[in-house]
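Below is one structure, written out as structure tokens; the observations come after it.
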Amino acid sequence: MSISTLLRRSATAAAATALAAAAVTVPAHAAEQATTYTYVDLGSVPGYASSVANDVNTGGVVVGSADKAVVWQDGEIGRLPMNTALGVNDAGRIVGSAYTGASNEPAHAVVYRDGELVDLGAPYGGANGSTALAINESDTVAGTFSESGQPTRAAVWDADGTMRRLPGLGGVSYGTESQAAAINEGGQVVGTAVTKSGANRAVIWENGTVRDLGTLGGGGYPGTRALDVNDQGTVVGDSQKLTGYMHAVSWSDGKITDLGTLGGPASFAGGINNRGQIVGISDTDSSGGAGRRAFIWENGKMTDLNKVTVNLPKGTVLYNAAAINDDGVIVGTASPRAFMLVPND
């Protein structure tokens, strides 16, 4: 039984009570239309107060960090033999980075599977570094690698461990040529690459080629980033407007869509599922970090997740929604710890 199913059952009574209370203040038509969520505090490891959730699979397995890499599964948190845990596929294989060689060597991209840590390595020996950021159901991994004296570049590791370098756009900025952030079941990889003029651009790699996805008009740094892609090929990320502010965006069928904000100047999209639901962070005012809130975007509308979570404890603020699975379960970071939101449907 998945963790999401267990959480749905255990939260039923609390959710019903909270919904009843919410009905007093929420108009009937809004209550009928808006999906509500039950909040779950994922907690942290003993002796460490905070935690961060980075990804969730269809079984409700969550990966992230609490001092170092951790996994939440079946209601429990466990440490992983890794520095970072950044992605997990439906088979429960976890990717990130770990120090696997001598103490003076950089971290390597790794996969944790079946209780064993597999070092994906780095080009030309252990003195070079790499990081794995995402893994699909074919066990193909997307990430980055670096060689001594060379910029960071995007790469893909096939299931047999073979690394393939991905082409860039001809430029380098702040020591980076390109970065791969996500991969879908069709093998499409998305991320960021630097142009010859030094601008960061969101790109998609497929069939051995790289393609610039386009922008909202702004340029330079931070420019435009692609951070996730679903199996239909819809890409999400953020793009700088001519005003200089970043806005969450999606790309589909060659078109870029500005997803807007929650009322403030900036927003950032980090995850999308196969239902087209998008999650991320948005400013609610001009105060900057203090006014940032986690959002979900669906059916053309961005919603503050703090306003549709029925049992959110007083003083807890959901400020970063990092990932969403195909059941609509959302994970991210709140003050003070990682959270899971389970839809009440």
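The values are calculated or read from the model by the stated rules, or taken from the named source; none is laboratory data. Just so you know, these numbers come straight off a predicted model, no measurement behind them. Cβ coordinates were reconstructed from backbone atoms using ideal geometry, including for glycine residues, and neighbour counts include every protein chain displayed. What goes into the accessible areas is simple: the full protein's heavy atoms, side chains included, and nothing from ligands, DNA or RNA. Shrake-Rupley method; radii C 1.70, N 1.55, O 1.52, S 1.80 Å.
In the list MET302, MET246, which residue meets the criterion of being in contact (Cβ under 8 Å) with a residue 24 or more places away in the chain, closer than 24 Å to VAL40 by Cβ and open to solvent by less than 40 Å² (accessible area, probe 1.4 Å)?
MET302
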Inset, instruction - Pairs only if they're at least six apart or on different chains, beta carbon under 6 angstrom, first in the range 273-284 and in contact (Cβ under 8 Å) with a residue 40 or more places away in the chain, second of a type in the set (D, E, K, R); list them, first residue then second. - result: ASN273/ASP326; ASN274/ASP231; ASN274/ASP326; GLN277/GLU298; ILE281/ARG292
Inset, instruction - From ASP238, ASP231, grab the single residue that is in a loop (DSSP other than H, G, I, E, B), closer than 24 Å to GLU298 by Cα and at pLDDT 95 or above. - result: ASP231
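Name the single residue that is least open to solvent (accessible area, probe 1.4 Å) among those in the range 188-206 being over 25 Å from GLY271 (Cβ atoms) and either in contact (Cβ under 8 Å) with a residue 40 or more places away in the chain or outside any strand (DSSP E or B) (or both). It would help to see each step written out before you state the result.
Residues of the range 188-206 over 25 Å from GLY271 (Cβ atoms): 195-198.
With the extra rule that they be either in contact (Cβ under 8 Å) with a residue 40 or more places away in the chain or outside any strand (DSSP E or B) (or both), the set shrinks to 196-198.
On the way: LYS196: 175, SER197: 106, GLY198: 25 Å².
This residue is GLY198.
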Inset, instruction - For the range 36-61, name all the residues that are among the aliphatic types (A, V, I, L, M) and in contact with a Leu (Cβ under 9 Å, 6 or more places away or on another chain). - result: VAL40, ALA53
Inset, instruction - May I ask you to list the residues in the range 224-243 that are within 25 Å of THR284 (Cβ to Cβ), more than 14 Å from the chain's Cα centre (by Cα) and open to solvent by 50 Å² or more (accessible area, probe 1.4 Å)? - result: LYS241, LEU242, THR243
Inset, instruction - Select from the range 207-223 the residues that are open to solvent by 50 Å² or more (accessible area, probe 1.4 Å) and under 21 Å from GLY244 (Cα atoms) and write down the one among them that is modelled with the lowest pLDDT. - result: TYR221
Inset, instruction - From GLY175, GLY149, GLY168, grab the single residue that is closer than 30 Å to GLY198 by Cβ and at pLDDT 95 or above. - result: GLY168
Legend entry - Elements of type strands (runs of 3 or more DSSP E) in the range 92-187, at least 2 residues being open to solvent by 50 Å² or more (accessible area, probe 1.4 Å) and under 23 Å from GLN73 (Cβ atoms): 108-113, 116-121
Legend entry - Residue that is farthest from the chain's Cα centre (by Cα), among those in the range 305-317 that are in contact (Cβ under 8 Å) with a residue 40 or more places away in the chain and open to solvent by less than 40 Å² (accessible area, probe 1.4 Å): VAL310
